[in-house]
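Participant: What follows is a structure written as structure tokens; I'll ask about it next.
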Amino acid sequence: MTTTEVPQETSTSYPMTRECPYRPAAELGRLQAEEPITRARIWDGSTPWLLTRYADVRSVLADPRFSSDPYRDGYPTVAASRKMRQDRQRPSFIFMDDPDHARLRKMLIGEFTVRRIETLRPLIEQTVIELLDAMEAGPRETGSRLAGTSMSTDLVQAFALPLPSLVICHLLGVPYSDHAFFQEQSHALLDLTSGEDTVFGALDALQGYLDDLAETRRRNPADDLISRLGARVDAGELEPSEVSAMAFLLLVAGHETTANMIGLGTLTLLHHPDQAALVRDGDTATVRSAVEELLRVLTVTHLGRRRVALTDVEVDGTLIRAGEGVILAAEAANRDPEKYSDPDDLDVTRGTNQHVAFGFGIHQCLGQPLARIELQIAYPALLRRFPDLRVTVPDSEIRFRDQMAVYGVHELPVAF
Ligand code: HEM
């Protein structure tokens, strides 16, 4: 088999600046067509591989010869702030390889099966109703729009963030009354521009909080996930520090991602009224399909999956050597024209589309049944309650989350 040598010098850098807030950078599309496996310079000057094609991204994600362990030399870290975090944080299983990863993930699989998550449906539906009631009762547009006296509500604070946050708190057994505290820490950790003091402060505060909570629940168990993990500590199956590391991962992964899918997804639908109408009036199958389509086109975990090769591996004719880092640009893979027809079009009737927005392989998102059900309930409920829902500012005034580990919008002023 002949393999291609790609020089380590490169004029490509990653991540790239978007030209349009609703699409990945156009350069990713060019690379996908012309240099699907190339080198890209990242923040620390290193030049890991950048893979943009759907088939290559899936094949590497499924390949045990690539590691998710950021402590290995060559692992392409997302940003300086993430490197600081890694150096201080107790590792969670998203950053481990099997068998360690499998041992820990297995303890949570039963909590996130589709059937188990279905039991949360009434709670999620009720939470959505209450949040929409509060929105309706709260400050809203007054006076004439023509007179320019409109008042708006921030959809992120009123709906997109509290919904997944309330649900994950319920599941874990984290008091929602502490949400301002942990959302602030989580925001600081996901902000790629955070400095060392901010990262360490947020990390220590959140880790300390979850250590205390895990210990409290171990002594006085309740009907929640952290208590069930506490029982495993008593059974000698888990270390106490592993419980709080898992709770940390679930708390952070469990609300920012879904929240940004709700915020950015709603904004996207409002820009496509025909598609929004299909979601508002559609049957269950249409709503399910719409959620998958929004996951595909938005790919809010927008900075690529990161891996490092454990051994020499040949990917589609290119030799990736042991110790070399790899960035799998899922945001590009999800728009690969070889996989999707008219990939840049939002088509909520596209059906099952096998996107990689939840990753693929052993690290494929554990919380996806929960994320899906929340989104399937949230979008149509919001659009049905407020048929006149509209954004009150132009796109140029919306702050998109380019500098955050999870893409989306910081605020979304709406009227209804
Ligand atoms: C729309 C919402 C979500 C998106 C787009 C998303 C995306 C992802 C992606 C791309 C990965 C793979 C990481 C990798 O391969 O390196 C992942 C893993 C993970 N996600 Fe999610 N996620 C979402 C919601 C959630 C929720 C609600 C939870 C928990 C309640 C969650 C928990 C996890 C966990 C624990 C992992 C690690 C799995 C492993 O390493 O085995 N996620 N997620």
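Each value in this text was obtained by applying a stated rule to the coordinates, not by laboratory testing. Owing to the predicted nature of the structure, the values given are computational and were not obtained by experimental measurement. Cβ sites come from the backbone with ideal geometry, for glycine too, and all protein chains shown count toward neighbours.
Participant: Please give, to one decimal in nm, the separation of the simple spin-label points placed at T352 and E237, each 7 Å out from Cα toward the Cβ.
Facilitator: My value for the distance between the label points is 3.1 nm.
Participant: Here's a follow-up. On full extension of the chain, what length is gained from A277 through D316, given 0.36 nm per residue of separation minus the C-alpha to C-alpha distance?
Facilitator: Extra length from A277 to D316 when fully extended: 9.9 nm.
Participant: If you don't mind, there's one more thing I want to ask. Subtract the Cα-Cα distance of N220 and C20 from 0.36 nm times their separation in residues, and report this length gain in nm to one decimal.
Facilitator: 66.9 nm
Participant: Which residues in region 26-59 place their backbone N less than 17 Å from a point set 7 Å from the Cα of K83 along the Cα-to-Cβ direction?
Facilitator: Taking a point 7 Å out along Cα→Cβ of K83, the residues of region 26-59 whose backbone N falls under 17 Å are 40-49.
Participant: So what's region 84-210 giving for Rg/Rh, alpha carbon basis, Kirkwood Rh from the mean inverse pair distance?
Facilitator: 1.08
Participant: Return an integer: the convex hull volume of the alpha-carbon atoms of region 255-303, in Å³ per residue.
Facilitator: So the per-residue Cα hull volume is 70 Å³.
Participant: If the chain between D342 and K106 were fully stretched, how many nm would it gain, using 0.36 nm times the residue separation less the Cα-Cα distance?
Facilitator: 81.1 nm
Participant: How long are the semi-axes of the equivalent ellipsoid of region 40-159, taking √(5λ) for every eigenvalue λ of the Cα gyration tensor, in whole Å from largest down?
Facilitator: Over the Cα atoms of region 40-159, the ellipsoid semi-axes are 42, 25, 15 Å.
Participant: Return the whole-Å distance between the Cα centroid of region 27-93 and the Cα centroid of region 150-171.
Facilitator: When both Cα centres are located, 32 Å separates them.
Participant: Work out the P(r) tail for region 275-392: percent of alpha carbon pairs separated by more than 19 Å, whole number.
Facilitator: The proportion of pairs with Cα distances above 19 Å equals 56 percent.
Participant: For the chain, what are the DSSP H helices with axial Cα length of 18 Å or more and mean Kyte-Doolittle hydropathy of at least 0.0?
Facilitator: Qualifying helices: 121-137, 240-271, 284-298, 368-385.
Participant: Taking amide H positions as placed 1.01 Å from N in the peptide plane, with prolines and chain starts having none, which residues 5 or more places from T12, or on another chain, fall under 5 Å of its amide H?
Facilitator: Close amide H contacts, sequence-distant or interchain: R41.
Participant: Counting other Cβ atoms within 10 Å, keep those with at most 15, restrict to DSSP loop, and tell me which chymotrypsin sites (Phe, Trp or Tyr not before Pro) in region 48-94 are left.
Facilitator: Y71
Participant: Pairs of alpha-carbon atoms within less than 8 angstrom and 6+ residues apart define the contacts here; what relative contact order does region 245-354 have, in percent?
Facilitator: 30 percent
Participant: For region 231-324, what does the alpha-carbon gyration tensor say about shape, rounded, prolate or oblate, given a ≥ b ≥ c as the root eigenvalues, a/c under 1.5 as rounded, and a/b over b/c as prolate?
Facilitator: It is oblate, given that a/c is not under 1.5 and a/b is not larger than b/c.
Participant: What's the percent breakdown of Cα-Cα distances in the chain across 20 Å bins, shortest bin first?
Facilitator: Histogramming the chain at 20 Å steps yields 26, 58, 16, 0 percent.
Participant: Rank H363, H170, H271 by mean-square fluctuation in a GNM of the chain with C-alpha springs under 10 angstrom and give only the top-ranked residue.
Facilitator: H271
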